[in-house]
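Following: one structure in structure tokens, then a few remarks.
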Amino acid sequence: MMDNKPDTVINNADAVMKAIRRIAHAIDIRSKRIGRETGLTIPQIVVLKAVSDQGALTTAAISKQADLSPATTVTILDKLEAKGLITRIRSTSDRRTVQAALTETGARTLEGAPSLFADGFASDFATFTGEEQRDIVAAFKMVADLLDRDDAGSSESMAR
């Protein structure tokens with residue numbers, strides 16, 4: 001039976017915030033290391049990976065794939081294009097449609113990029129059963145939805 005007493009809820013919320021702070025700290029450290037090694041940010045690598053995995057994509061498709069806002073995606077694409085890692089291709093049938101494609105330099109850069117996770121994460125995560133992995137992913141998504149709802153100022157992101 002769940003204990004939903006106010007003190008328990010507050011203590012659990014505090015524990016969630018503490019865990020989020022630990023995750024944010026670990027990501028910050030990892031991001032700085034990746035930046036030193038590659039000259040790229042984690043979101044830039046995520047965008048490169050989306051384009052690599054899916055082929056030439058529109059900004060909207062990249063935004064969805066990388067879970068970034070369209071404005072952030074455009075800024076990232078501008079930086080990646082300036083570094084010669086992606087190229088933008090305008091559709092000949094619809095001039096409004098522009099797709100980003102990985103360049104050879106972008107493919108080599110992505111191939112040499114370190115894992116976005118700390119060493120051992122993938123192998124440690126693989127020790128969980130498929131059901132446990134799905135439960136972990138679902139829990140992270142629920143927490144992300146709770147945080148997004150607060151930032152968005154609406155309950156839209158909680159709609160299921």
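The values are calculated or read from the model by the stated rules, or taken from the named source; none is laboratory data. All values derive from a computational prediction rather than experimental measurement. Backbone-built Cβ (ideal geometry, glycine too); neighbour counts: all protein chains shown. Areas reflect the complete protein model, heavy atoms only, side chains present, ligands, DNA and RNA absent. Shrake-Rupley method; radii C 1.70, N 1.55, O 1.52, S 1.80 Å.
Numbers at a glance
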{"quantity": "Residue match in region 71-84 (condition: outside any loop (DSSP other than H, G, I, E, B) and more than 21 Å from residue 109 (Cβ to Cβ))", "calculated": "yes"}
{"quantity": "Residue 43 being buried (at least 16 other Cβ atoms within 10 Å of the Cβ) and out of contact with any Cys (no Cβ under 9 Å at 6 or more places or on another chain)", "calculated": "yes"}
{"quantity": "Qualifying position, being among the small types (Gly, Ala, Ser), in contact with a strand residue (DSSP E or B) (Cβ under 8 Å, 6 or more places away or on another chain) and at pLDDT 85 or above, among 101, 126", "calculated": "101"}
{"quantity": "Filter result (assigned to a helix (DSSP H, G or I) and free of Cβ contacts under 8 Å to residues at least 12 places away in the same chain) within region 112-128", "calculated": "121, 122, 123, 124, 125, 126"}
{"quantity": "Sole residue being in a loop (DSSP other than H, G, I, E, B) and among the β-branched types (Val, Ile, Thr), chosen from 109, 105, 92", "calculated": "92"}
{"quantity": "Of all residues making up region 73-90, the number that are surrounded by 12 or more Cβ atoms within 10 Å (Cβ to Cβ) and either within 18 Å of residue 54 (Cβ to Cβ) or touching a strand residue (DSSP E or B) at 6+ places or on another chain (Cβ under 6 Å) (or both)", "calculated": "11"}
{"quantity": "Some residue of region 54-66 being of a type in the set (D, E, K, R) and either farther than 27 Å from residue 146 by Cβ or assigned to a helix (DSSP H, G or I) (or both)", "calculated": "yes"}
{"quantity": "Hey, residue 112 in contact with a helix residue (DSSP H, G or I) (Cβ under 6 Å, 6 or more places away or on another chain) and over 19 Å from residue 68 (Cβ atoms) or not", "calculated": "no"}
{"quantity": "Matching entry among 107, 66, 60, 26 (being closer than 26 Å to residue 139 by Cα and open to solvent by 40 Å² or more (accessible area, probe 1.4 Å))", "calculated": "26"}
